[in-house]
Structure formats: C-alpha cells, structure tokens
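All remarks here apply to the structure that follows.
The values are calculated or read from the model by the stated rules, or taken from the named source; none is laboratory data. Remember, it's a predicted structure, so these values are computed and weren't measured experimentally. Heads up, the Cβs are rebuilt from the backbone with ideal geometry, glycines too, and the neighbour counts pull from every protein chain shown.
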C-alpha cells in the first residue's frame, strides 16, 4: 500500500493541470501536487490603467488551477485512501 501511495504522489507531481480566467486571457499551469509551473497573460489582458482587473484574473486562474489539481488528487489518491481506515482514509486528508 505504501508503494502505491508513493507512486500516486509521484504521478501527481508529474501531471499538470491548467486553470484559466477571463476567457483564456490568463492561464495558470500547475502540477497535481500544487506547484505552479507557468503563468501566461495575453497582451489584451494588460491595461496599465487597470492593473486591478489583471490581478483579479491571475487570482481567479490560480483558483481554477487549484480546483483542477484538487480534483486530480482526489481521483488519484481517493481509491488508495479508502483502504486505510479512519477519516480521510487515515491520511488526515479531509474529503478523501
């Protein structure tokens, strides 16, 4: 079981998910383990007179990518956690 958990964690670290905001004006790519690997901002999103909107788009894209990473983690780790017993499969992971 331990080896399966380690393999699943390694898979999460290798797998990338993407979140976006503003119809794709801002995209964030992160690993399934939550490490941000790229942020892309379309030139159309950059308005020097309205940086607050750009900041909001970056935050929204980060949240979207985090949601995707959480879903990936749940689908990858969830089946393994079920056999461990206790809340969260005994891993101390809420929701698993």
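Values as computed for the structure displayed
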quantity: Residues within the range 2-36 that are touching a helix residue (DSSP H, G or I) at 6+ places or on another chain (Cβ under 8 Å) and not in a helix (DSSP H, G or I), tallied; calculated: 19
quantity: Which numbered condition residue 70 misses (of (1) surrounded by 14 or more Cβ atoms within 10 Å (Cβ to Cβ); (2) under 16 Å from residue 16 (Cα atoms); (3) at pLDDT 95 or above); calculated: (3)
quantity: Counted residues, the range 37-52 - those being in a helix (DSSP H, G or I) and either at pLDDT below 95 or exposed (fewer than 14 other Cβ atoms within 10 Å of the Cβ) (or both); calculated: 4
quantity: Complete set of residues in the range 3-23 that are exposed (fewer than 13 other Cβ atoms within 10 Å of the Cβ) and under 24 Å from residue 53 (Cβ atoms); calculated: 23
quantity: Residue check for residue 68: touching a residue at least 12 places away in the same chain (Cβ under 8 Å), out of contact with any helix residue (DSSP H, G or I) (no Cβ under 8 Å at 6 or more places or on another chain), within 30 Å of residue 1 (Cβ to Cβ) and part of a helix (DSSP H, G or I); calculated: yes
quantity: Near pairs, Cβ below 7 angstrom, 6+ apart or cross-chain, from the range 25-54 (under 23 Å from residue 74 (Cβ atoms)) to any residue that is part of a loop (DSSP other than H, G, I, E, B) and modelled with pLDDT under 95; calculated: 31/15; 32/15
